[in-house]
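Here's the structure, in C-alpha cells; my notes come after.
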Amino acid sequence: MDRAPSGSDTHPPVVPASATPSASSGLLAHSDEGAGLREQIRALTARLDRREHQLATMERDLRQLNTLLSLVEAMSSELDLKPLLQKMTVSAVELLGAQQGAIGLVDEARHAVRHQALYNLPEALFDIDFAEGVGISGQVYAVKCPVIVRDYGGQVQLPLDNDAMRRIKAAVSVPIWWQGRMIGVFSIGTYASDRVFDEHDVEVLALFAKHAAIAIQKARLYAEAGRLAHLEERHRIARELHDSVTQSLFTIVLMADAVRNFLRTGYEDPTTTAELLYQTARDALTEMRALIYELRPAALEGEGLITALRKLAGAVQIRHGLAVEVRQQGLRRLSPEQEEGLFRIAQEALYNVVKHAQASRAVVELRLTENEALLIVTDDGVGFNQMASPPSLSKQTPYSGLGLTSMRERAEQLRGCLNVSPAPNRGTQVRARVPLSREGTDGPHSSAHRG
C-alpha cells in the first residue's frame, strides 16, 4: 500500500519573486516620495522668496511715486526755487537711505557748479566754486555723466577739509539736464560704510534730477517774466511822466518865464498868466500824487484792501478820465500778501482797460466768502472782437503779454487762479479767485475793510 506523504516530505509552493515586494523596494519608494516632497517645498520657498522680493520692489516703487507726487504738487505751487530744491534734496536723501545731499547749478560765467541746496552738509559749501574735478559735483561737471564713489575720501578731491566731509564713505551724483544742456548736479552721500550705491540709485536720482530740471527752468522763467514786468512798469512810468507831469512842468516853466518878463517890463498885466500858472501847477501836483499812489498804495497798510481799491479808482479817474465803481460783498480777514496780490491784479486790470479797452466805465467788485476771495474787474470797452473762447498767452489780444502773465502769476502765488473772458454784455471781465483758510475768519474786523 502506498503511504501518505509525511510532513517532512512536503514543500511549500513556489511563488515568483515578482509577486512579493521586497523590503528594499519599499524603502526606495518611500525615499522617492520624500525627495519629491522636498523638491516641492524648495520650489514653494523659491516662489515665496520671489513674491516677497516683488512685494518689496512694489513697496519701494510706491514710496518713490508718492515722494515724486508730493514734489510735483510742491512744484505746482512753489515759485521760489531754493525752498523747492531743498525739499527735493531732503526727499531724495530719505528715499535712498542716505545722510547727505546737495543740488548745485552750473554757473557758466564761473565755469563751475554752485550749490543751491544742502542737507547735513557744511554751509561753507555754498561759497565754493566746484570746478571740474573738485568734489563729486566737479567730477560730474567734468564727465557729464553719473558718478558712483565707493571710497569718498580716496576717490574725491575734498572741497572742504573738515570732519563732516571726511566722514562721508560713499556717494552718487548725476547731472541735471534741460534740453540737451547740463544745468546742474544732484548728489547724495552716506556715512554708513555698508551702504553701497548702485545703478538703481542712479536711476532714482536721475528721476529726481528730471523733476529738478523742470523746477529750475520754471523758476528761471518766472524770474525772467518778473524782470520783464518790472522793465515794462519802468517804461510805463517813464511814458506817464513824459505824457503828463513833464509836459505840465514844461508849460509851468514857459508861463513862469512869461510872468517874469511881464514883471520886468511892466507892459502887460501878468494876472491872467499867473492864474494859468497856478492852475497848471495844481494839475501837475494832482497828476504826480495820483501816479505816486499807483506805485505805492499806502492805504493798504493802514485802511485795508477795499479802501485802497476805492482810492485807486479815484486816481485812475483823475489821471485817465475812466469812471470806476468799487463794490464789496462780505467781510473776511485777508493776509497782507493776499491784499497786496489782489490790489496789484486790480491795478493791472484797470491799466489794461485804460490802455486797450476804449472803455468809459469799469467796475471793480470784491466778493469775500468763508472759503475764497473773488476779485472781478469788468469794463464796457471793445472786448475781444467777439472771440468765442477766452484769450490765452499765445493770442495777440489786449490782455496778452506781460499784463496777463503778471496777473496770473500773482494769482498763482496766492494758490489761486485767474481767468479773462468777454463780459456778459460787452467789454472784458477779469476774475481772480483766491482760496482762503478757515483760520482767517474774523468777522467785521476784516482787514479787507478797516476804519
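The values are calculated or read from the model by the stated rules, or taken from the named source; none is laboratory data. This one's a predicted model, so the numbers in the text were calculated from it and none came from an experiment. As a convention, Cβ positions derive from the backbone with ideal geometry for all residues, glycine included, and neighbour counts pool all protein chains shown.
Computed values, structure above
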| item | result |
| --- | --- |
| Within segment 349-377, considering residues that are over 28 Å from the mean Cα position of the chain (by Cα), buried (at least 21 other Cβ atoms within 10 Å of the Cβ) and β-branched (Val, Ile, Thr), the one modelled with the lowest pLDDT | Val353 |
| Filter result for the condition that a residue is modelled with pLDDT under 90, farther than 30 Å from Glu348 by Cα and in the same structural domain as Gln116 (by TED's automatic domain parsing), over Ala212, Ala171, Ala206 | Ala212 |
| Selection from segment 102-154 of residues that are surrounded by fewer than 16 Cβ atoms within 10 Å (Cβ to Cβ), under 19 Å from Ile183 (Cβ atoms) and without any contact (Cβ under 8 Å) to a residue 24 or more places away in the chain | Asp107, Glu108, Ala109, Arg110, His111, Phe126, Asp129, Glu132, Ala142, Val143 |
| Count - residues of segment 394-450 that are at pLDDT 90 or above, within 14 Å of His356 (Cβ to Cβ) and among the basic types (Lys, Arg) | 0 |
| Of all residues making up segment 342-369, the number that are farther than 13 Å from Val434 by Cβ and not in a strand (DSSP E or B) | 14 |
| Residue count for segment 238-262, restricted to those that are at pLDDT below 70 and surrounded by 13 or more Cβ atoms within 10 Å (Cβ to Cβ) | 6 |
| Top-ranked residue in segment 89-101 [being hydrophobic (A, V, I, L, M, F, W, C) and modelled with pLDDT of 85 or more; ranked as surrounded by the fewest Cβ atoms within 10 Å (Cβ to Cβ)] | Val90 |
| Residues that are of a type in the set (A, V, I, L, M), in a helix (DSSP H, G or I) and either crowded, with 20+ Cβ neighbours inside 10 Å or not assigned by TED's automatic domain parsing to the domain that holds Glu370 (or both), drawn from segment 307-341 | Ala308, Leu309, Leu312, Ala313, Ala315, Val316 |
| Odd one out for Gln179 among (1) more than 26 Å from the chain's Cα centre (by Cα); (2) at pLDDT below 95; (3) not charged (D, E, K, R) | (1) |
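Here is a yes/no grid of residues against (1) at pLDDT 95 or above; (2) over 26 Å from the mean Cα position of the chain (by Cα):
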{"position": "Gly135", "(1), (2)": "no, yes"}
{"position": "Val143", "(1), (2)": "yes, yes"}
{"position": "Ile148", "(1), (2)": "yes, yes"}
{"position": "Val196", "(1), (2)": "no, yes"}
{"position": "Val202", "(1), (2)": "no, no"}
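Residue-wise test of (1) surrounded by fewer than 18 Cβ atoms within 10 Å (Cβ to Cβ); (2) in a helix (DSSP H, G or I).
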position	(1), (2)
Ser187	no, no
Ser193	yes, no
Phe197	no, no
Val204	no, yes
Lys210	yes, yes
Tyr222	yes, yes
Gly226	yes, yes
